[in-house]
Structures are given as C-alpha cells and as structure tokens.
Amino acid sequence: MKILVTGGAGFIGSAVVRQAVSRGHQVVNLDALTYAACLDNVAGVADSPLYAFEQADIRDRAGLDRVFAAHQPDLVMHLAAESHVDRSIDGPGAFIETNVTGTYNMLEAARAYWQSKGRPEGFRFHHISTDEVFGSLPADKSVKFTEDTPYDPRSPYSASKAASDHLVRAWHETYGLPVVLTNCSNNYGPFHFPEKLIPVVILNALAGKPLPIYGDGSNIRDWLFVEDHADALLLVLEKGTVGRSYNIGGENERTNLELVQTLCAILDRLAPKPAGSYADQITFVTDRPGHDARYAIDPGRIRAELGWKPSVTVEEGLERTVAWYLANEAWWAPLQARQGVGQRLGTKA
C-alpha cells in the first residue's frame, strides 16, 4: 500500500517514514522543509524505490491536490505541524495557520481525492496529535488521560492541535471521511530537533553550558521512545477502528528534574568529564508561562484492542538516545545554527 506522510522530514514523521519503508510500504513524504525539518532524517531510505519526496506546504491547497493526483495514495498519515510550545507563545499565528488551516486543507484535499476515487473502503486519514490537548493533570498518579478526557488546552500550541482534532472528527461525522486519531505523550530519541528538552540537555552538557530546567523541575511528563511511537502509529493506521481515537503513552512518568539527572548519569558513563558530573551544570530558570504540571496517558485502549505496548523503559531509551547524539555530531551541529535554536523562547507572555 502507498502511504502519504505529511511532515516526514520532521522528528516523528521521519521515524514513521523509515519504519514504513523498512516494512515494504510505498511512502510519499510531503514536507515544506521549515526550520525543524531535515532530509538527513530519512537519508537511510531516500534511495529506496519505495520512497518519494514532495516539497509542499499543507497551507497550499493547490499543492496538496497536485500531490494527491500525482501519487494516488491509499492512506494518509498527517503529522505536519508546528510543535514547539515556547515558539507558540512567541508567535501563535504560525501555529494557527499550519496546525488549523493546514489540517483543514489536508482534510479537504483528502476528501476530494477519496470521493474522486469512489470512496474506497480501505482509505484512511490518520491524524496524529498530542496529549497536551487534554490540559494538565493532578499529581495523583492514579489519574491519567484517556480518550474520553475532556479537552482543556492551555497553550497556543495545544489549542491549535485541539482545533485540528475537532476538525478531523467533524469531517468524519459530516462527510463520512474515514479517519483515525492518535494522541501521544512526549517523544524522544534519535533525530530529535535540538530545541526540545532532551537534546538541549545532551548538547548543552557536552558544550559545558548550563542545563536549563523550568521552575523547580517538578513538572511531570510521560516519555515515549519515538521508534515505539512510529510502530504504534502504523498499527493504528492498519488496524484501528474508523472514527476512533487511541492514546499512545510510554508509561514512563518522570519529573523534568529526574529526567535531566538520568541524562547526566548516562553522560557521566558514556562521555565522562575530566572532573565532576554533568549534573553540576543543572540550572533552574524562570518557568514557562502556563506550564502544565503533569501529563500522563492511559494506553489501555490501544493495548486491549490492538495489542500494542512500549518496548523500552525510559532509561533504556535515553541510553540509546545519548549514544546516538554522541555518534552523530555531523547531524546535529549544523542544526544549531538555525533560527531560535539555543535561545530561550516563550517568555513574552
């Protein structure tokens, strides 16, 4: 089958592209190549006869129609999005244009194509979203996000993703477009763009810079290894029930401080400093405006219905991630020169 993947040069999208091609699927990677995209992420499959690349912007409806007509996909995986919360605080407009209007364009282009093909029963539009649409959880670890948790977005980013989720559901209910949705917890792993917490900590540590932790470091996140996430996404695409949503979590809750301390301990083993520990570089900084206290996903539905569960603990995944960054300076060094990378963003509220 042929899968159209939007945002396939990004972090999660490229993991999906690599796995899909490795499993023998034809893949069309549609990406605008904005600041966080990198075609090196898919270099390992770029020469495969199963892979094709289209530089196009989901804000450009005519461009989307052209790609659908040219490639005739059987399935769509929509990952293209602006995703950095701090950038959404400084510039919310780009998040509305891409995540809301862009998703609307994708839905309309997919609907027009699906209808032109006689509404094939096997067609799917898989919309990939975030647990941040659900808002914040209390410290009580018995309470987690489920697929029935009411939406309560707190940042421009999460509000834009919540809006896109609602559009996808509306296109299913109103027009019958066969959709599936997923909401995931925080991803990490190889090829993570160096503006997010884990790569920032790794690269700052190696450079001898402060390791910034917002507030007192007590904010809790559920961490999901990106290769596990890509596996779950392809499973939902192939076997998920039309019209249904699935929460994908790593079942690895950690405070931000615990996470950074774990990274420092791994770095102390894999790339020891001449003296002291990388933990000596930890620095607490002013918290992000509206910083959600805790995210945690209950993945019971995807486990019960589709048999999926994460394959690695956060400690195992972090070890693999650190080792990858140590071995791939040629990938991350050029990205550090891109706009905004290495700067504290999201302080304008």
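Among the candidates Asn252, Asn256, Asn219, single out the residue that is polar (S, T, N, Q), closer than 22 Å to Val133 by Cα, crowded, with 22+ Cβ neighbours inside 10 Å and touching a helix residue (DSSP H, G or I) at 6+ places or on another chain (Cβ under 8 Å). Talk me through it step by step, then tell me what you get.
On the way: Asn256 fails: crowded, with 22+ Cβ neighbours inside 10 Å; Asn219 fails: crowded, with 22+ Cβ neighbours inside 10 Å.
The conditions single out Asn252.
I'd like to know if segment 232-243 contains one or more residues that are of a type in the set (D, E, K, R) and part of a helix (DSSP H, G or I).
From segment 232-243, those of a type in the set (D, E, K, R) are 238-239; that's our starting set.
Narrowing the set further to residues that are part of a helix (DSSP H, G or I) leaves 238-239.
Yes, segment 232-243 contains a residue that is of a type in the set (D, E, K, R) and part of a helix (DSSP H, G or I).
When segment 129-158 is examined, which residues are found to be of a type in the set (Gly, Ala, Ser), farther than 18 Å from Leu79 by Cβ and crowded, with 21+ Cβ neighbours inside 10 Å?
At the first step, the residues of segment 129-158 found to be of a type in the set (Gly, Ala, Ser) are 129, 135-136, 139, 142, 155, 158.
Filter once more, keeping what is farther than 18 Å from Leu79 by Cβ: 135-136, 139, 142, 155.
Scanning segment 129-158 gives a single hit, Ser155.
Does Asn187 meet the test of being under 23 Å from Leu267 (Cβ atoms) and assigned to a helix (DSSP H, G or I)? Before the answer, list the steps.
Numbers: under 23 Å from Leu267 (Cβ atoms): yes; assigned to a helix (DSSP H, G or I): no.
Considered against the rule, which asks whether it is under 23 Å from Leu267 (Cβ atoms) and assigned to a helix (DSSP H, G or I), Asn187 comes out as no.
Tally up the residues in segment 285-301 that are closer than 21 Å to Glu238 by Cα and over 18 Å from the mean Cα position of the chain (by Cα), please. Lay out the reasoning, then the answer.
Going residue by residue through segment 285-301, those that are closer than 21 Å to Glu238 by Cα are 299-301.
If we keep only those that are over 18 Å from the mean Cα position of the chain (by Cα) too, we end up with 300-301.
Of the residues in that region, 2 qualify.
Conditions: (1) farther than 25 Å from Ala330 by Cβ; (2) touching a Ser or Thr at 6+ places or on another chain (Cβ under 7 Å). Val42 meets all but one. Number of the miss?
(1)
Are there any pairs with C-beta distances below 8 angstrom linking a residue in segment 3-26 that is without any contact (Cβ under 8 Å) to a residue 24 or more places away in the chain to a residue that is crowded, with 24+ Cβ neighbours inside 10 Å and in a helix (DSSP H, G or I), with the two at least 6 apart or on different chains, and if so which?
Filtered contacts from segment 3-26: no entries.
Of the numbered conditions (1) in contact with an Asp or Glu (Cβ under 7 Å, 6 or more places away or on another chain); (2) part of a loop (DSSP other than H, G, I, E, B); (3) under 20 Å from Thr182 (Cβ atoms), Arg288 fails exactly one; give the number of that condition.
Result: Arg288 fails condition (3) only.
What's the number of the only condition in (1) of a type outside the set (A, V, I, L, M); (2) in a strand (DSSP E or B); (3) within 21 Å of Leu259 (Cβ to Cβ) that His127 fails to meet?
The one condition His127 does not meet is (3).
Would you confirm, using the coordinates I've provided, whether Arg254 is of a type in the set (Lys, Arg), in a loop (DSSP other than H, G, I, E, B) and touching a strand residue (DSSP E or B) at 6+ places or on another chain (Cβ under 7 Å)?
On the way: of a type in the set (Lys, Arg): yes; in a loop (DSSP other than H, G, I, E, B): no; touching a strand residue (DSSP E or B) at 6+ places or on another chain (Cβ under 7 Å): yes.
Answer is no for this residue.
So how many residues does segment 200-209 have that are in contact (Cβ under 8 Å) with a residue 12 or more places away in the chain and surrounded by fewer than 23 Cβ atoms within 10 Å (Cβ to Cβ)?
Quick first cut of segment 200-209, residues in contact (Cβ under 8 Å) with a residue 12 or more places away in the chain only: 200-206, 208-209.
Filter once more, so that each one left must be surrounded by fewer than 23 Cβ atoms within 10 Å (Cβ to Cβ): 200, 203-204, 206, 208-209.
Of the residues in that region, 6 qualify.
Which of the residues that make up segment 134-175 are in a helix (DSSP H, G or I), under 20 Å from the mean Cα position of the chain (by Cα) and hydrophobic (A, V, I, L, M, F, W, C)?
Those that are in a helix (DSSP H, G or I), under 20 Å from the mean Cα position of the chain (by Cα) and hydrophobic (A, V, I, L, M, F, W, C): Phe134, Ala159, Ala162, Ala163, Leu167, Val168.
We did not get these values from a lab; they are worked out from the coordinates using the rules stated. Computed from a predicted model, the values in this text were never measured in an experiment. Cβ atoms come from the backbone with ideal geometry, glycine included; neighbour counts cover every protein chain shown.
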